[in-house]
Amino acid sequence: MPPINLPGKIALIPSPTPLVPMPRLLKVPDPPDFWLKRDENTAPGFGGNKVRKLEYLLADALRRNCDTVITAGAIQSNHCRQTAAAAASVGLECHLALGGEEPPSSQGNLLLDRLFGARIHWMGDERKGEGLDALEAQLQEQGKRPCVIPYGGSNTVGALGFVEAAFELERQLSAAGKSRVKIVIASSSGGTQAGLSLGIRLLRADWELHGINVDKDEAGDLPYRQHLAELASATAEQLGSSERLEPGDFQVHSDFIKHPYAVMSPKEKTLIKEIASRTGVLLDPVYTARAMAGCVHLIEQGIFKTGDTLVFWHTGGLPALFAYADDLMS
Ligand SMILES: *Cc1c(COP(=O)(O)O)cnc(C)c1O
């Protein structure tokens, strides 16, 4: 029995997603016992971690009688692509506020946004949803009933998808006879890490969760940990739980990152190629390659060691590979 009741959702994912042992994932001396949580396989629209959030976000939009959803992201946003796909699958109109200017050709996620019928608004420097309120007002004037989904789907409704994901992982780990696991995820807008952390707290599980903050804040990790604590606590409150999380409850790593968001480092490029050719597992160029580089870093630091059970949570992002083809092959 889950420790708390979650509100109703629209089922978009064939669940549970596989949890598979991957002993050869990383070629390092004395590797931990590696497992992969395969959220890159969540349908629809090539899947990824945002579909878990969208199961709750779109149910909420339909309950509020919206006929249109609006969200925002970078030009290769996985969140926007998954929102466009999920909206199409339930018959909602989808508007995307994308950072940058319209490129000469549509690659990767942008191609899919267009195939899923999303209306695209080019926002220049605003890739994190700064223009969403203005867009909402404009669509209301046209007689639509829009519902705004924040950047990354990371609000107290979207985070529920990862509270539930923690319950799902718990069932899989107990079936596999594993406990005391360490989990690594790519972290950026926070809904994934905040939701999982709250789920872990509600379960009283003895797991360690390590977030790799791919969109590193030059001011350090404290502002991000504060954001995670606020989001997890507000999500608990909305569920009627008295749990409250503090910034100190979150482990976030980014000090090893030298490249800006969405720019692959040589190490990340090498990891994508080596892991794909050795194991058949694909990493994406923005999030999971960086999280895997983080894993290597944490192994080098002795934080992950032989004997640890390590779950690498694959959060998806694979269509972006096609937009990085030239960079990957250079
Ligand atoms: C959005 C995203 C993340 C980060 O999840 P947040 O909930 O935004 O922190 C990680 N990996 C991939 C592939 C993503 O698209």
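The values are calculated or read from the model by the stated rules, or taken from the named source; none is laboratory data. Quantities reported herein were computed from a predicted structural model and do not represent experimental measurements. Cβ atoms come from the backbone with ideal geometry, glycine included; neighbour counts cover every protein chain shown. Surface accessibility is based on the protein's heavy atoms, side chains included, excluding ligands, DNA and RNA. Shrake-Rupley method; radii C 1.70, N 1.55, O 1.52, S 1.80 Å.
Here the condition is being among the charged types (D, E, K, R), away from the ligand (no atom under 16 Å from the Cβ) and in contact with a Lys or Arg (Cβ under 7 Å, 6 or more places away or on another chain); of 60, 67, it holds for 67 alone.
Residues of the stretch 177-197 that are away from the ligand (no atom under 13 Å from the Cβ) and among the polar types (S, T, N, Q): 179 alone. For the stretch 100-132, the candidate set comprises residues that are in a loop (DSSP other than H, G, I, E, B), without any contact (Cβ under 8 Å) to a residue 24 or more places away in the chain and not acidic (Asp, Glu); within that set, the residue that is farthest from residue 46 (Cα to Cα) is 104.
Table: residues versus (1) open to solvent by less than 70 Å² (accessible area, probe 1.4 Å); (2) under 20 Å from residue 157 (Cβ atoms).
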| position | (1), (2) |
| --- | --- |
| 213 | yes, no |
| 237 | no, yes |
| 246 | no, no |
| 260 | no, no |
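Which ones in the stretch 148-161 are within 13 Å of residue 66 (Cβ to Cβ) and surrounded by fewer than 22 Cβ atoms within 10 Å (Cβ to Cβ)? Once the filter is applied, which keeps residues that are within 13 Å of residue 66 (Cβ to Cβ) and surrounded by fewer than 22 Cβ atoms within 10 Å (Cβ to Cβ), the stretch 148-161 yields only 148.
Taken over the stretch 291-303, the residue count meeting the criterion of being more than 15 Å from the ligand (Cβ to nearest atom), open to solvent by less than 60 Å² (accessible area, probe 1.4 Å) and not β-branched (Val, Ile, Thr) is 3. Among what's in the stretch 221-234 and is farther than 22 Å from residue 74 by Cα and surrounded by fewer than 18 Cβ atoms within 10 Å (Cβ to Cβ), pick the residue that is farthest from the ligand (Cβ to nearest atom). Step by step, filter the stretch 221-234, then rank; the result is 222. Among the residues making up the stretch 12-37, a single one is surrounded by 19 or more Cβ atoms within 10 Å (Cβ to Cβ) and charged (D, E, K, R): 37. Look at (1) in a helix (DSSP H, G or I); (2) crowded, with 22+ Cβ neighbours inside 10 Å; (3) of a type outside the set (Phe, Trp, Tyr) and you find that residue 270 fails only one, number (2). A single entry from 306, 288 fulfils the requirement of being within 10 Å of the ligand (Cβ to nearest atom) and of a type in the set (Ser, Thr, Tyr): 288. Of the residues 255, 284, the single one that is of a type in the set (Asp, Glu), out of contact with any His (no Cβ under 7 Å at 6 or more places or on another chain), under 30 Å from residue 234 (Cβ atoms) and crowded, with 19+ Cβ neighbours inside 10 Å is 284. Residues of the stretch 198-210 include at least one that is part of a helix (DSSP H, G or I), more than 8 Å from the ligand (Cβ to nearest atom) and open to solvent by 30 Å² or more (accessible area, probe 1.4 Å). Looking across the stretch 309-330, the residues that are more than 9 Å from the ligand (Cβ to nearest atom), assigned to a helix (DSSP H, G or I) and of a type in the set (Gly, Ala, Ser) come down to 323, 325.
A quick yes/no check of all residues on (1) closer than 26 Å to residue 187 by Cβ; (2) in contact with a helix residue (DSSP H, G or I) (Cβ under 6 Å, 6 or more places away or on another chain); (3) open to solvent by 10 Å² or more (accessible area, probe 1.4 Å):
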| position | (1), (2), (3) |
| --- | --- |
| 71 | yes, yes, no |
| 82 | yes, yes, no |
| 139 | no, no, no |
| 143 | no, no, yes |
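Scan the stretch 169-176 and tell me whether some residue there is within 14 Å of the ligand (Cβ to nearest atom), of a type in the set (A, V, I, L, M) and not in a strand (DSSP E or B). Among the residues of the stretch 169-176, not one is within 14 Å of the ligand (Cβ to nearest atom), of a type in the set (A, V, I, L, M) and not in a strand (DSSP E or B), which makes the answer no.
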